[in-house]
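> Take this structure first; my questions come after.
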Amino acid sequence: MSRPNSRRVGAGTLTRYRHGSCTFACHHSGCRAYTQPRGWRAGLRLARQHAAAHDATEARYVGTPWGVPAHELPPTRRRWPLRRLAAFLVVLALAALAFALTLAGVTGHAAPAPRPAPAAPSIAILPTTTAAAVGPEGYVPTPAGPPATDTNGTWIPEPDPASSASSRAGGGR
C-alpha cells in the first residue's frame, strides 16, 4: 500500500489517502478534534479555520496563568497605586527631615545678633589697687616650662626649697 500524502496545518494534520478520502486530526492539547472532509481543498480550509480558532483562543488567554481565562481567575487587588503613594510619602518625609536638619545647621552657625550695651550702673565701682592679683604673703607663682635665663642666656639657679620653708603650722608645699 502506498504512503498517504499529509500536511501539517497549525497543531493538526491533514491526510489524503490513495483512494481520495481525507482526514484531519488536531493534536493540540485537550482538543482531539477529528473530521473527514470531502476533499483536499475542503480539508485545508477546515484545518486553517481550526488553527485560527486555536490561535484566537490562545491570544485571549495570553498573560493569564496556566492558560486559564481571565474571567475565571479570582479577583486580584491592584497594589501599585498604594505602593507608589507610600513611596512618595516616604521620600517627601525624608526630604522634609533633611531640609529641617540643614536649616538648623545653617542657623546654628550664623553670626550672633549684637547685644545691646548694658545700662551704666548708677554708682561706678572702681578698683582701689593697681596690683593684678595679690596672693598670700611670700607667694610667687612660677611659670611652667623650662627654667628662665637671663639676658646673656645663662641659667638662673632655682631657689632652694628647704630655705623657704616656714615654721607655721601645716607648713608649705
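The values are calculated or read from the model by the stated rules, or taken from the named source; none is laboratory data. As the structure is a prediction and not an experimental result, all values here were calculated from the model. Ideal geometry is used to build each Cβ from the backbone, glycine not excepted, and the neighbour counts take in all protein chains shown. Side chains are part of the model used for accessible areas, which takes the heavy atoms of the whole protein and leaves out ligands, DNA and RNA. Shrake-Rupley method; radii C 1.70, N 1.55, O 1.52, S 1.80 Å.
> Filter the stretch 21-37 down to the residues that are out of contact with any Ser or Thr (no Cβ under 6 Å at 6 or more places or on another chain) and either among the hydrophobic types (A, V, I, L, M, F, W, C) or touching a residue at least 12 places away in the same chain (Cβ under 8 Å) (or both) and list them by number. Break it down into steps so the answer makes sense when it comes.
Of the stretch 21-37, the ones out of contact with any Ser or Thr (no Cβ under 6 Å at 6 or more places or on another chain) are 21-22, 26-35, 37.
Hits for the stretch 21-37 are S21, C22, C26, H27, H28, C31, A33, T35, P37.
> Next up: Considering only residues that are open to solvent by 50 Å² or more (accessible area, probe 1.4 Å) and either within 9 Å of H50 (Cβ to Cβ) or not in a loop (DSSP other than H, G, I, E, B) (or both), which ones fall in the stretch 12-34? Reasoning before the result, please.
Quick first cut of the stretch 12-34, residues open to solvent by 50 Å² or more (accessible area, probe 1.4 Å) only: 16-19, 27, 29-30, 32, 34.
Of everything in the stretch 12-34, those that are open to solvent by 50 Å² or more (accessible area, probe 1.4 Å) and either within 9 Å of H50 (Cβ to Cβ) or not in a loop (DSSP other than H, G, I, E, B) (or both) turn out to be R16, Y34.
> Within the stretch 39-66, restricting attention to residues that are touching a Cys at 6+ places or on another chain (Cβ under 8 Å) and open to solvent by 30 Å² or more (accessible area, probe 1.4 Å), which residue is modelled with the lowest pLDDT? Step through it out loud before you land on a result.
In the first step, residues of the stretch 39-66 are kept if they are touching a Cys at 6+ places or on another chain (Cβ under 8 Å); the result is 39-40, 42-43, 50, 54.
From the residues that got through so far, the ones that are open to solvent by 30 Å² or more (accessible area, probe 1.4 Å) too are 40, 42, 50, 54.
Details: W40: 91, A42: 93, H50: 93, H54: 88.
Ranking the qualifying residues of the stretch 39-66, first place goes to H54.
> While we're looking at this one, here's another question. Please give the number of the condition A100 fails out of (1) in contact with a Pro (Cβ under 9 Å, 6 or more places away or on another chain); (2) modelled with pLDDT of 80 or more; (3) among the small types (G, A, S).
(1)
> Looking at the stretch 143-151, can you tell me whether even one residue there is surrounded by 10 or more Cβ atoms within 10 Å (Cβ to Cβ) and at pLDDT 70 or above?
Yes: one or more hits.
> Identify, please: which residue in the stretch 2-11 is surrounded by fewer than 12 Cβ atoms within 10 Å (Cβ to Cβ) and more than 23 Å from T57 (Cα to Cα) and is, among those, modelled with the highest pLDDT? First the steps, then the outcome.
Of the residues in the stretch 2-11, the ones surrounded by fewer than 12 Cβ atoms within 10 Å (Cβ to Cβ) are 2-3, 8.
Among the residues that remain, those that are also more than 23 Å from T57 (Cα to Cα) are: 2-3.
Numbers: S2: 60, R3: 63.
Only one residue fits best here, namely R3.
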